[in-house]
1. Starting from residues that are acidic (Asp, Glu) and closer than 29 Å to ILE594 by Cα, keep the ones in region 289-333 and report whichever is nearest to the chain's Cα centre (by Cα).
2. Starting from residues that are of a type in the set (Val, Ile, Thr) and within 30 Å of GLU132 (Cβ to Cβ), keep the ones in region 157-207 and report whichever is farthest from the chain's Cα centre (by Cα).
3. Evaluate region 607-624: report whether one residue or more is surrounded by fewer than 19 Cβ atoms within 10 Å (Cβ to Cβ), modelled with pLDDT of 95 or more and in contact with a strand residue (DSSP E or B) (Cβ under 8 Å, 6 or more places away or on another chain).
4. For region 105-127, which positions are more than 25 Å from the chain's Cα centre (by Cα) and under 24 Å from TYR205 (Cα atoms)?
5. Looking at LEU540, is it in contact (Cβ under 8 Å) with a residue 24 or more places away in the chain and outside the structural domain of ILE307 (by TED's automatic domain parsing)?
6. In this structure, is PHE600 outside any helix (DSSP H, G or I) and either in contact with a strand residue (DSSP E or B) (Cβ under 8 Å, 6 or more places away or on another chain) or not hydroxyl-bearing (Ser, Thr, Tyr) (or both)?
7. Taking into account only those residues within region 225-261 that are under 18 Å from ALA151 (Cα atoms) and among the acidic types (Asp, Glu), which is surrounded by the fewest Cβ atoms within 10 Å (Cβ to Cβ)?
8. Please go through region 129-151 and pick out each residue that is within 30 Å of GLN47 (Cα to Cα) and either modelled with pLDDT under 95 or assigned to a strand (DSSP E or B) (or both).
Amino acid sequence: MKYCVAIWALIFIVSCSFNKGDVKKDKFLLDDKVSMDNLETIPEWLQFEVSNSLPSDSLNLWIPTGKLETSSLIRVPRFPVQYSQARLDSSVFDLSRYDIKLIEDTLQHKISALKNEQVSAQIAVAAKQHIEDLTVMVGDFISDYGDKISADNVKVRYAKYVPVHRARSELSWTGKPEEIFGPEVFGFGAPDLVADPLMEMSKVYVPAYRAQPIWFTFFVPKNVKSGIYRGTISIETKEFSTKVIPIAIDVSNNQIPDAEDYEFFLDLWLNPNAIAVAHQVQLWTEEHWILIEKYMQDLVSRGAKTITTTITHDPWQIDWLNGKKRSQTGIGYAPMIQWNLMEANTWTYDYSVFDTYVDLALKTGLSERIDVFSLTPFEWEGKRYVTYFDNAKKEMIETAFDQSDREYELLWIQFLKDFEKHLKEKGWFEKTYLSFDESPKHVIASILKIVKEGAPDFLNRFSIAGKPHTSDMANAMSIFYPHFKPQYNKEKPIGQVLLERKQSRKTTTWYLCGDPAHPNTFSYSPAIESRLIPWLTLKLNVDGYLRWAYNSWPDKDPFKNPVFNYIQGDDYYVYPGKQGPISSIRWELLKEGIEDVEFFNVIKKKNKIPINDLKKSITYATQDEDGRFKEIDDFVNARNILLGNSDNK
């Protein structure tokens, strides 16, 4: 695969030092044998506590929550503890879901699935001695009529534990870890640990007195016949006898669409520069483009719709040390369009990286919308900066302006005229939106003059993430979750805003960031909340969900350094791996929540169950937004209503 590489991009790397990092590859990107918690030792008191909690001196195997069907909805604590009855009675949490109940060899464990759906489950393992090489074997699943779901449709991964770190944002506006996580996070404070990344390995080392979750993802083909398929999972170790666990997959006759055909509008912002830094490759080189495509494919597998592009130098900068500005994330965004100041004070624009990026995204399947950031910076108060290459001086220049400076306006007017012409030549204009992230209404209004003079056809192509009072300016709008509450909408009730947008057929999504504490998808948020979030889209009666960061890692090694500025996991769903993205518990459960919404849409279109039952399914799924207290069977009950086989109707 050959990709064009702009010379200016290489100049930009040298002059602005975006893509830092040693040539030497990081260990976590290369080694087949990965430490699953990066701890060399644990205190003896913790070993003693775990030892007393493990029921068997042999291999301990248990299903989190006690049911395979709900087992993926909690994170397994690295140091499993059997709580006393007094603790169970006095705790505000339902600690029973963390009980270590050993799997019975003769009992068959069942999951339910739709055609063309993925379903996750997990089994936990622990022992009082080290397990050198634990491996998992999955057999084919056969129905009573001889039909088969191949073992190739089952992916086996192992949950890795990352440290829990504090963040600067906790001091001002986000929740604090102790307000967010429950028993799923545990350790000895140096540090506490949480299961999040899902590692693909042929075998895993399990130290004594530590739990190791085995994560299974079952992919049910769309052409398989409905029915019950039976098979086994075998867990093999050198130290203990092999354990064989009977599994049944109950496949419904219902089918959901392929990811690229999802109605759910998923908008996640991909940071290509973070890929270059974490994988230690040069920006916009062929090696980088190959990696970018893999991350784009991952987004498409979840039904993502948008292409996030940058037309300015890192639109998301914040105030930092010594009066300087820097990216709000550990690894900032690189621009995709270079502005060039030529002789006679004329301007040219190099679109080569932008074009290659958009071409690749469209080919991969990100095809609904091209969002371009941004005419207004994230930190909208103060000076406006234009970064360009001075052809005479042969260097990058950054010039500061006031928003009202006519020279600043003229620079943007000239660019927008050229940009509009370029997009129309490429056939992309109808997909392209000028995008704004949490810019107040008066700030967006102040740039209307620029757009009117430069490219008036863009006036009905604004994509805004922020408060509902900017809705009249936004063809595409994402509303911050707290602003669905009446007290935040004094100008116009949120219900009226949403109704007007639906009547005008304007796309509306909702979004989360570092706030609120619940629901959310931080690294240590209760796992069940990731599955909940797509259901809330149905409750809010909007088109989908936005999150501002898919992979804006705080560091090139987020496994060891999971925080830069914002609360842990606010700025990424996935982790960098040797060949591309490493998934997480959050990322898998978000996908499965989106599948729930697609199933809801299928049932709604069939018009076979009453409207009240549809509403009841949403009520069950969303009845508690704090995952620490949410009933573990809520989604099972909601889906049973949609299937028409529930007593809860």
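1. My answer is ASP298.
2. VAL206
3. No, region 607-624 contains no residue that is surrounded by fewer than 19 Cβ atoms within 10 Å (Cβ to Cβ), modelled with pLDDT of 95 or more and in contact with a strand residue (DSSP E or B) (Cβ under 8 Å, 6 or more places away or on another chain).
4. Residues satisfying the conditions are ASP105, VAL125, ALA126, ALA127.
5. So LEU540 fits the description; yes.
6. no
7. Result: ASP250.
8. ILE131, GLU132, ASP133, LEU134, THR135, VAL136, MET137
The values are calculated or read from the model by the stated rules, or taken from the named source; none is laboratory data. This one's a predicted model, so the numbers in the text were calculated from it and none came from an experiment. Neighbour counts run over all protein chains shown; Cβ positions are idealised from the backbone, glycine included.
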